[in-house]
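The values are calculated or read from the model by the stated rules, or taken from the named source; none is laboratory data. Since this is a predicted model, take the numbers as computed values, not measurements. All Cβ positions, glycine included, derive from the backbone under ideal geometry; neighbour counts span all protein chains shown.
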Amino acid sequence: MEFFCYHRDRRDSLALRMELLEAHWSYMDRFDKEMIARGPTLSGDGEVPTGSVHIVDLPDPAAARAFAFDEPGYQAGAYRDVLLRRWRNLLGRTMWDFRGGRTGGRRYLVLGFGQGQAADLAVPQDRNELIAYGPLLSDDGNTWVGTAALVRAPDPEAARAVLTADRYADIEVHNWQFGGRP
C-alpha cells in the first residue's frame, strides 16, 4: 500500500529541525527499500526548509501512521501538522528512476485537494518532467480526495498546470528538492 506523507514545519522550528537532521535521516534510512520519493519543501527563495515529503510503500495504514508519527521531528514538535493519505503511484517508479536526476531545473510539490468527481487520474502526456504522480485517496483507498505530484518545471505556474485547476478546491505549489543523505 502506498502512502503520501507531508510533515509541515511549525513556525520557527528550523533550529530544532537542524538539530534533529541526523536522527531524521537515520530514521528514514530504516525505510530505504519502501521509499518511493522523499525530500524537503522549501521557502519561496529555496533556502529554508518548510516541510518534509515522503512517499512510501508500507504494509497497511497502521504502519503508515507509525511511520509518520514516530518520526523524530514529529516527536520533538518540529511540525505543525501531518498530511497522511493513501496514494497510488501512477508512474510505477521511484524518484531515483527519474531521468532528470537529482539536479538541474526547479522542482515542485503540487498538491490538489479534491472536490466532487475525481480528476487527473491519468498520467499527463508530458510525463518526462514528472518525478512522482498519483491520486490522494481516502483511508480505505476507494475515494479520490486529491492529487499529489513532484514535478520539474520552469516556475510555480507551470508546475501548477500539471493539474486541472477547476477540479480542485485548492492547489498548493511548494519548492521541493530531492531528499536523503547528500
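If the condition is being surrounded by 14 or more Cβ atoms within 10 Å (Cβ to Cβ) and among the acidic types (D, E), then the stretch 28-69 contributes E34, D57. Selection within the stretch 125-171: residues that are touching a residue at least 60 places away in the same chain (Cβ under 8 Å) and of a type in the set (G, A, S). The member of this set that is surrounded by the fewest Cβ atoms within 10 Å (Cβ to Cβ) is G141. Applying the selection to the stretch 97-128, what residues are within 21 Å of G51 (Cβ to Cβ) and not β-branched (V, I, T)? Matches in the stretch 97-128: F98, R102, G105, R106, R107, Y108, L109, L111, G112, F113, G114. At least 1 residues being in contact with a helix residue (DSSP H, G or I) (Cβ under 8 Å, 6 or more places away or on another chain), over 24 Å from D97 (Cβ atoms) and modelled with pLDDT of 95 or more is the threshold, and among the strands (runs of 3 or more DSSP E) wholly inside the stretch 125-182 those reaching it are 168-176. Restricting attention to the stretch 90-124, the residues that are within 21 Å of D170 (Cα to Cα), touching a helix residue (DSSP H, G or I) at 6+ places or on another chain (Cβ under 8 Å), crowded, with 16+ Cβ neighbours inside 10 Å and of a type outside the set (F, W, Y) add up to 5.
Of all residues in the stretch 86-114, those being in a strand (DSSP E or B) and farther than 25 Å from E157 by Cα number 1. Each residue in the stretch 17-27 was checked for being touching a helix residue (DSSP H, G or I) at 6+ places or on another chain (Cβ under 7 Å) and either crowded, with 17+ Cβ neighbours inside 10 Å or of a type outside the set (A, V, I, L, M, F, W, C) (or both), and 4 pass.
Checking the stated criteria, R93 turns out to be closer than 25 Å to W144 by Cα and in the same structural domain as S138 (by TED's automatic domain parsing).
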